[in-house]
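Read the structure below first, then the notes.
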Amino acid sequence: MLSLLIKEINSFLNSLIGYIVIIVFLLAISLFVWVFPGTEFSIPEAGYANIDPLFIITPWVYMFLIPAITMRLFSEERKSGTIELLLTRPLTELQIVLAKYFAGLILVIISLLPTLIFYLSVYLLGAPVGNIDTGSMWGSYIGLVFLGAGFVSIGVFASATTDNQVVAFIIAVF
């Protein structure tokens, strides 16, 4: 099961689409939170040390990021015909599904880790330094991981229902 998990993570990170998805996620979040002025999500214009806009915007971006990550998990195996080879391995169906699920979840966590720079920035920019509610921030990050886990399960289900990646993406988004 561990080898399948590593294979799935490597296949995502060895393709250009993997990096594009993560970069688009981070770019969209960063633009809304730090760059676009006059919005309710702008941290520099908020006047207080808080990264709540990150936790408000991220679920909406997750609706497109996570289906892009999970759309290929099972549908690519079916389309290329390697699902039969995978099912003949000494793995149970549960182990195969869990390995693909945890691979998707690890990729979501990897894409979320660079946003810790936002916390560090607000921590250092606050007056006085460190004037931020750390407990609520960590609780919100845990909530985002749980939300990502739910979205990954929907994406894995959508990928398992079809052999077309685009259809799996659309099913997972809706």
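Please treat every number below as a calculation from the coordinates, not as lab data. In this text the structure is predicted, and so the values were computed from the model without any measurement. All Cβ positions, glycine included, derive from the backbone under ideal geometry; neighbour counts span all protein chains shown.
Computed on the Cα trace of the stretch 111-166, the radius of gyration divided by the Kirkwood hydrodynamic radius gives Rg/Rh = 1.24. Using a Förster distance of 30 angstrom, determine the FRET efficiency expected from the C-beta separation of PHE36 and THR161, and round it to 0.05. Once rounded, the FRET efficiency stands at 0.20. Packing, taken as the mean count of other beta carbons within 10 Å per residue, orders the peptides 4-15, 101-112 from highest to lowest as 101-112, 4-15. What the phi angles of the stretch 132-138 give under the Karplus curve with 6.51, -1.76 and 1.60, with θ = phi - 60°, is a coupling list of 9, 7, 5, x, 5, 5, 5 Hz, glycine and proline written as x.
Once Rg and the Kirkwood radius are both taken over the C-alpha atoms of the stretch 74-154, their ratio Rg/Rh works out to 1.23.
Model label points for PHE146 and ALA28, set 7 angstrom from Cα along the Cα-to-Cβ axis, are 2.4 nm apart. Look at the alpha carbon pairs under 8 Å that are at least 6 residues apart: their mean separation over the length of the chain gives a relative contact order of 34 percent.
Taking a sphere under 11 Å around the Cβ of ASP52 and counting the other residues whose Cβ falls inside, with K and R at +1 and D and E at -1, yields a net charge of -2.
Rounded to a whole number of µm²/s, how large is the Stokes-Einstein D of the chain at 25 °C and 0.890 mPa s, given Rh as the Kirkwood radius over C-alpha pairs?
Values: Rh = 17.3 Å.
It diffuses with D of about 142 µm²/s by this estimate.
Here the simple spin-label model places points 7 Å from the Cα toward Cβ, and for ILE110 and VAL173 these points are separated by 2.4 nm.
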